[in-house]
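The values are calculated or read from the model by the stated rules, or taken from the named source; none is laboratory data. All values derive from a computational prediction rather than experimental measurement. All Cβ positions, glycine included, derive from the backbone under ideal geometry; neighbour counts span all protein chains shown.
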Amino acid sequence: MDESRESESSSILKVLIIGNSLVGKSCILLRFCDNEFVEDIGTTIGVDFRFASLTIQEEPVKLQIWDTAGQERFRTITSTYYRNADAIMIVYDITDKDSFAQVKNWFREISNNAPSNVTTILVGNKIDLENKRVISSDEGKSLAKSLRSPFIEVSAKMGDNIETAFSALTVEALKKIKPSRRRRKTTLVQFSTQPKKKCC
Ligand SMILES: Nc1nc2c(ncn2[C@@H]2O[C@H](COP(=O)(O)OP(=O)(O)OP(=O)(O)O)[C@@H](O)[C@H]2O)c(=O)[nH]1
């Protein structure tokens, strides 16, 4: 299917990835979209975005995923991008205490800038670095609970749980968007309930 026809027949969701600099936001996006990992990916300046297509229970969904800069000096550029966000992934690095300590501030940014019904997920990245872990899974879980957000740990490097994180976020966000924005397929084209993904 060509790009324009596919957009017409898909629900389109705006997704943001936020968190401190160097937690692995760009690597998470690259792993999700291209199934790749680049060690020296370089810091994000301002924002960057990619499209990804998922099928959730026979419903084609297109995600417009914005990778925002974690560095403070680019924050004013990024704050306008919270507008119209359907879903936000807040990332910290399980080997970096400061990135975890800042999670509450990122949630404050969300309540100041994003729509009130935005869907969130808290993501602890770099679980391949278990020997350098300084934030336990229980600490992550309990912070997420206090912020009323689901929680998952991932590794952009190894690919662990990356698709699951985006699928969980999408499933929840779809529940909140207006029926007029939904594009359910009338004919059944897939029989699996597993999410299917392709990126462009
Ligand atoms: N071991 C390991 N390293 C990772 C992982 N994800 C990212 N990294 C490394 O962490 C560093 C930062 O990754 P980025 O994806 O650039 O981080 P970012 O959050 O986008 O950073 P900014 O663009 O500055 O906001 C890079 O050196 C990556 O190679 C992971 O899952 N495991």
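Tabulated values for the structure
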item: Counted residues, segment 27-42 - those being loosely packed, with under 15 Cβ neighbours inside 10 Å and without any contact (Cβ under 8 Å) to a residue 40 or more places away in the chain; result: 5
item: The one condition in (1) surrounded by 20 or more Cβ atoms within 10 Å (Cβ to Cβ); (2) at pLDDT 90 or above; (3) away from the ligand (no atom under 16 Å from the Cβ); (4) hydroxyl-bearing (S, T, Y) that S11 fails to fulfil; result: (2)
